[in-house]
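Shown next, in structure tokens, is the structure this report addresses.
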Amino acid sequence: MLRVPSSERARFAALAALLFIHSLVLESSEVVATSGFVNRVGASQLLWLWAGDALITILFSSVYSLVIDRLPRRRLAFGLFAGFGAVYVAIFLLFVSSGPDWLCYTLLTVANNQQWRLAPMLIYALANDLFAVSEAKRLFPLLGTAGIIGEIAGNGLGAGAGHWLGSVNLLLSNALLTLLGAAIVALTLRKFTISIRQSQASQKTPGALRAGLVFIRDVPLCRYLAPAMVVAGLGLMTLEYHLLDNAARAYQDENAMETFYGCFKIGLTVSLLAVRSWFGGWVIKRLGFKSVFAVMPSALLAGFLAAIARPGLTGVVIGMAVVRLTLDGIDEPSRQAFLGLVPEELRGRVGAVIDGYLQTAGCLLACGLLGAMLLATGAGLFGVTTGQTLCRLICWLCAGLALRATLRFRAQYVTGLLNWRLQRRRRRFVPPQLLDSPGLS
């Protein structure tokens with residue numbers, strides 16, 4: 001907060017509180033949901049869960065894209081937090097009434113993943129409405145720090161839930177915290193003026209999904225980012241499955257699995273806090289939009305290379321750490337700040353396509369790839385270790401293609417800024433001296 005100017009501090013504090021609550025609830029519930037599902041249902045069933053969850057994500061992202069640019073975003077934020085609070089209360093009651101394990105953990109996982117997709121998109125859309133592009137490049141890495149502190153607290157709660165708090169009681173506390181987020185939206189964000197153009201239903205504009213896709217297709221800079229987002233979803237899902245599969249074999253007890261997974265995520269989150277606080281902002285400022293998006297595919301190449309070179313839990317832990325730190329610490333704040341160049345009346349839909357559809361498409365591809373690997377190992381064509389190595393090698397090659405696309409983005413960045421769809425937004429919010437600076441060019 002000391003690094004935030006006093007004129008921006010109130011807006012920053014309100015958004016930071018929302019990100020903190022979102023991250024704390026998300027991470028603590030995710031530790032309970034994932035470790036419980038792996039131990040009680042089985043790691044092999046994760047692919048069905050993830051595939052179904054990806055289809056649900058596409059459905060909810062479609063609904064989100066229909067309303068994000070047509071309704072006041074403060075009202076949507078209140079409804080989102082209040083809605084997830086009610087969902088967590090319902091899941092808590094299902095656990096208390098001794099519902100089937102597969103149903104309880106499946107519903108918790110699906111609710112958790114929908115919150116992971118939708119809440120950050122909406123919070124950052126609000127942030128882009130409240131801050132100019134030049135302010136976003138400076139503040140978004142710091143804003144993400146609030147979310148990381150929430151992740152540390154949430155993973156700590158998740159790791160210790162089975163020993164001293166109880167997983168069921170944790171769900172009730174998370175429901176109350178989510179409702180507190182809705183109260184913050186209602187009581188604080190109404191004090192700030194948000195003057196943006198809202199798309200009207202009566203306007204003759206393309207459908208919500210089609211409008212975002214058309215914008216990405218017609219703007220070369222966005223078009224070159226699309227393959228990188230698909231590969232990010234593919235790579236993260238593949239590494240996540242291999243991490244959980246190897247951990248389930250090493251830790252048979254549910255409480256031990258929760259402790260390992262929670263401690264792993266705590267270490268990852270503490271490292272992420274350091275990246276965003278001291279390193280991420282410097283990288284974004286040093287490289288600018290022109291070069292920063294090549295960092296994530298490069299990290300995917302390095303992460304999968306580590307996982308290939310050292311099979312087993314250690315290699316995949318290293319690979320997952322490299323990829324997650326880069327994606328969350330550098331790529332996400334850069335991408336969210338870059339979306340500030342998109343006109344206000346389309347920004348929410350374009351963000352929904354990039355974060356909701358493209359990454360989810362990568363997740364579905366990962367489920368297909370991992371499913372093919374399980375079928376091949378089950379048929380005796382090769383061993384489990386060989387199958388995992390083949391999956392990682394395929395993802396490594398895809399990361400190379402994503403790097404090539406981001407290099408095309410870099411080569412055409414200067415001319416791409418002249419695209420007429422970006423001109424109005426750029427003239428309105430970015431000072432001429434900033435456009436001429438090395439960070440943007």
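General remarks:
- Odd one out for Ser298, checked against (1) touching a residue at least 12 places away in the same chain (Cβ under 8 Å); (2) open to solvent by less than 40 Å² (accessible area, probe 1.4 Å): (2)
- The C-beta contact set for segment 371-398 (first residue open to solvent by 60 Å² or more (accessible area, probe 1.4 Å), second residue aromatic (Phe, Trp, Tyr) and assigned to a helix (DSSP H, G or I), distance under 6 angstrom, 6+ apart or interchain) comprises Trp396/Phe304.
- Glu27 being on the phi < 0 side of the Ramachandran plot, crowded, with 21+ Cβ neighbours inside 10 Å and in a helix (DSSP H, G or I): yes
- Residue within segment 37-45 that is open to solvent by less than 30 Å² (accessible area, probe 1.4 Å), closer than 30 Å to Arg249 by Cα, of a type outside the set (Val, Ile, Thr) and in a helix (DSSP H, G or I) present: yes
- Scoring Thr314 on the criteria (1) within 17 Å of Ala399 (Cα to Cα); (2) surrounded by fewer than 21 Cβ atoms within 10 Å (Cβ to Cβ); (3) hydroxyl-bearing (Ser, Thr, Tyr) leaves a single failure, condition (1).
- Ile21 meets all of the listed conditions (1) out of contact with any Leu (no Cβ under 7 Å at 6 or more places or on another chain); (2) part of a helix (DSSP H, G or I); (3) open to solvent by 10 Å² or more (accessible area, probe 1.4 Å); (4) under 19 Å from Leu130 (Cβ atoms) but one, namely (1).
- Taking segment 70-79 as the range and being in contact (Cβ under 8 Å) with a residue 60 or more places away in the chain, part of a helix (DSSP H, G or I) and hydrophobic (A, V, I, L, M, F, W, C) as the test, the residues that pass are Ala77, Phe78.
- A Cβ distance below 9 Å, combined with a sequence gap of six or more or placement on separate chains, defines the contacts here; from segment 310-331, residues that are in contact (Cβ under 8 Å) with a residue 24 or more places away in the chain reach residues that are outside any helix (DSSP H, G or I) and open to solvent by less than 20 Å² (accessible area, probe 1.4 Å) in the pairs Asp331/Phe293.
- Applying the criterion of being open to solvent by 20 Å² or more (accessible area, probe 1.4 Å) and at pLDDT 85 or above to the residues of segment 154-181, the residue that is farthest from Gln336 (Cα to Cα) is Leu172.
- Checklist (1) farther than 30 Å from Tyr241 by Cβ; (2) touching a Leu at 6+ places or on another chain (Cβ under 6 Å) applied to Val38, failing item: (1)
- Qualifying residue in segment 71-86 (condition: within 21 Å of Phe264 (Cβ to Cβ), within 22 Å of the chain's Cα centre (by Cα) and not aromatic (Phe, Trp, Tyr)): no
- Screening Phe12 against (1) loosely packed, with under 15 Cβ neighbours inside 10 Å; (2) at pLDDT below 85 leaves a single unmet condition, (1).
- Residue tally, condition open to solvent by 10 Å² or more (accessible area, probe 1.4 Å) and either of a type in the set (Val, Ile, Thr) or over 16 Å from the mean Cα position of the chain (by Cα) (or both), over segment 228-244: 2
- Exclusive hit being open to solvent by 60 Å² or more (accessible area, probe 1.4 Å) and at pLDDT below 70, set Arg197, Arg210: Arg197
- When segment 111-131 is filtered for residues that are surrounded by fewer than 22 Cβ atoms within 10 Å (Cβ to Cβ) and among the polar types (S, T, N, Q), only Gln114 remains.
- Selection from segment 57-69 of residues that are open to solvent by 60 Å² or more (accessible area, probe 1.4 Å), closer than 30 Å to Met373 by Cα and touching a residue at least 40 places away in the same chain (Cβ under 8 Å): Phe60
- Filtering segment 132-152 for residues that are open to solvent by 10 Å² or more (accessible area, probe 1.4 Å), farther than 26 Å from Arg74 by Cα and modelled with pLDDT of 80 or more leaves a non-empty set.
- Test result for Trp102, aromatic (Phe, Trp, Tyr), over 17 Å from the mean Cα position of the chain (by Cα) and within 21 Å of Asn174 (Cα to Cα): yes
The values are calculated or read from the model by the stated rules, or taken from the named source; none is laboratory data. The structure displayed is predicted, hence computed values, not measured ones. Here the Cβ is made from the backbone with ideal geometry for all residues, glycine too, and neighbour counts use every protein chain on show. Just so you know, the surface numbers come from the protein's heavy atoms only, side chains and all, with ligands and any DNA or RNA stripped out. Shrake-Rupley method; radii C 1.70, N 1.55, O 1.52, S 1.80 Å.
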